[in-house]
Every structure is written in C-alpha cells, then in structure tokens.
Amino acid sequence: MYLKRIIIIKLLIIACSIHAIAQTTNYTKPKRKKFAVYAGVGPNYYFNNMELGKSYVNKFNYSFTGRVMWEPEHLLSLGIESGYYRLYTYNTPNEVHIANTAIPIQIVLSMKFLQNFYVNFAMGQSVLLNKVNTESSGSFSASTFSVADFSGTLGYRHMLGNRFSISTEAKFYYSSAYVDRNIALLFGGGYRF
C-alpha cells in the first residue's frame, strides 16, 4: 500500500511537470512584417532619340529611387514609387549645358518568384525638369508634366535577418511626353516594419 502511494505521487509529479513544460513552450510563428521601404542608387543609360546634336549628348548618368510597399503573405505586393532620374546632359563646345531630369510618382505592382527574384511594373506621372545654362544668355529652367509614364524592373533581393535586405535591380523607364527612355542598374537596401 505504501509503495502504491509513492508510485502514484511520483506519476502525478511527472505528469504535472510535463504539463508545465508544455505550457512554457511557444510554437507560434513570428509575425510577418507587412510594410517595407526600399531605396536604390546607380548608373543609367539614356537611349538617345535626338537628331540634332546627337554627339553632344552624355548618355551615362545616375538614378535614385525609393518605394513604400505593402507586402501581404502572397507573392503580389502593391506600393508607391518615386525617384530622381537624370535622363541626359547635353554639352556643346560653345558653353551650352542642358540637363534633363525626371521625377516620377508611380503606383507599383510587384511579383516575387524563385524565392529571391522579383519583377515590378509601375505606372503614373512624372515631372520633367529641363535646365539650360549658357555663357552668353544665362540660365533658364522649365518643367513639364508627363501623364502616362511607366517603368519595369527585374531585381534580386537578399534578406539579412527578418527586417533588412540588400538588392540589385535593372530598371527600364519610359516617359511619354518626349519619348525619353533609359535603363538603370540600381543597388540598394530595404527595411520591413
């Protein structure tokens, strides 16, 4: 009888301790971050469409871009993108300097594939800035609004932990106002929150 009580008490202690261990173990999945901010910078190449003074166009320039994205648990994401794309500069021997720049504000649809690769399609408006500096006449600036611009991106993103990422992407940009096109190679990073 005494031995039965000891065995029952030991079994109860073991059962209670297993139950306590099971309660302290948390098997919940970490909460996924649904919003992200991405930024990138890099060189770009302008597809020269000028007929007069074609040889004075500097086709290699630079681009900055930034995106805020909503990324649910699916492969599709939605966001807004802006940036600063120096389309071209134009320098002549008689001291005329022209710089044409695009500042887009576009809606972005992104699709992820093959774990780390993604494609983006963006469409929206751009502000085109044109600055002219001449030695004899001074400086002039003008701006135009282009209403039907788009861009396409193919990129690779590598996650550094749960929040930070680094990426590289090839971005094609088309502005409908003056049929300006360029392609950029951007290097950047991102942060999920």
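The values are calculated or read from the model by the stated rules, or taken from the named source; none is laboratory data. From a predicted model like this one, the values you see are computed outputs, not experimental measurements. Counting neighbours? That spans all protein chains shown, and the Cβs are built from the backbone with ideal geometry, glycine included. All accessible areas refer to the heavy atoms of the entire protein, side chains included, with ligands and DNA or RNA removed. Shrake-Rupley method; radii C 1.70, N 1.55, O 1.52, S 1.80 Å.
Determine, yes or no, whether residue 162 is open to solvent by 50 Å² or more (accessible area, probe 1.4 Å) and touching a His at 6+ places or on another chain (Cβ under 6 Å). In short, no. Could you tell me which of the residues 82, 136 is out of contact with any strand residue (DSSP E or B) (no Cβ under 8 Å at 6 or more places or on another chain) and open to solvent by 40 Å² or more (accessible area, probe 1.4 Å)? None of the others qualify; the one that does is 136.
Residue by residue, here is whether (1) more than 16 Å from residue 82 (Cα to Cα); (2) open to solvent by less than 90 Å² (accessible area, probe 1.4 Å); (3) among the basic types (Lys, Arg); (4) outside any strand (DSSP E or B) holds:
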position	(1), (2), (3), (4)
131	yes, no, yes, no
144	yes, yes, no, no
150	no, yes, no, no
154	yes, no, no, no
158	yes, yes, no, no
166	yes, yes, no, no
173	no, yes, no, no
183	no, yes, no, no
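Results for (1) more than 16 Å from residue 182 (Cβ to Cβ); (2) buried (at least 18 other Cβ atoms within 10 Å of the Cβ); (3) charged (D, E, K, R); (4) modelled with pLDDT under 95, shown as yes or no for each residue.
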site: 96; (1), (2), (3), (4): yes, no, no, yes
site: 108; (1), (2), (3), (4): yes, yes, no, no
site: 111; (1), (2), (3), (4): yes, no, no, no
site: 115; (1), (2), (3), (4): yes, no, no, yes
site: 123; (1), (2), (3), (4): yes, no, no, no
site: 126; (1), (2), (3), (4): no, yes, no, no
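Among the residues making up region 57-79, those that are at pLDDT below 90, open to solvent by 90 Å² or more (accessible area, probe 1.4 Å) and not aliphatic (A, V, I, L, M) are 73, 74.
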